[in-house]
Amino acid sequence: MLLLPKHAVNGLFLIPCGIVLMSFAFSDVRAQKVGKQVISSPDAPEAIGPYSQAIKSGKTVYLSGQIAIDPKTKQLMTNASIEDQTRLVLENLKAVLAADGLTMDSIVSATVFMSDLADFAKMNEVYGTYFKNSPPARATVEVAHLPRSAKVEISAIAVHR
């Protein structure tokens, strides 16, 4: 017979709410001390929702996902190849990084979202031209749908050295 602690239901352990709330409150106070600064660039597409192009906290910059929107026309490159979409996405990320004095070499982690992993090799070929020295850690996932039916979206984390 398996004996479960008093706060266990169906084999799951319950955490009293007071502990969880206190934990969140502590991390919120810590975040306020570190600070949070919005980073934006007119050379990258404006946010198409309630988010920022990037947020800087301490020495870390969190870049929102970019899709292949031309910052001048504000239009998605709808019929463009995966290579052209990937190139524009990376140029958009590069522009946001430049607004905070960073380069593509400052990226330590990237996440690539693709609507079709059959295009992975083509995307990867273009991606590799932007990260020749010490490429960042990366995850690539196929998703059912991207905003505005884009083929690729990339988000990243960069660090000031």
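Each reported figure results from applying straightforward, stated rules to the coordinates on display, with no laboratory input. Predicted model, so just to flag it, every value in this text is computed and none were measured. Here the Cβ is made from the backbone with ideal geometry for all residues, glycine too, and neighbour counts use every protein chain on show.
Here are the numbers for the structure shown:
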item: Label-point separation in nm, residue 55 to residue 84, each point 7 Å along Cα→Cβ; result: 3.5 nm
item: Highest average packing first - 107-116, 149-158, Cβ atoms within 10 Å; result: 149-158, 107-116
item: Packing-based exposure ordering (other Cβ within 10 Å, fewest first) of 43, 119; result: 43, 119
item: Dipole moment magnitude, nearest 20 debye, region 35-159 about Cα centre, only Lys, Arg, Asp, Glu C-beta charged; result: 340 debye
item: Cα-Cα over 21 Å, subset of 56/94; 94/151; 36/59; 122/151; 72/122; result: 72/122
item: Per-residue ³J(HN,Hα) for region 104-109, Karplus 6.51 cos²θ - 1.76 cosθ + 1.60, θ = phi - 60°, Hz, x for Gly and Pro; result: 4, 5, 7, 6, 9, 8
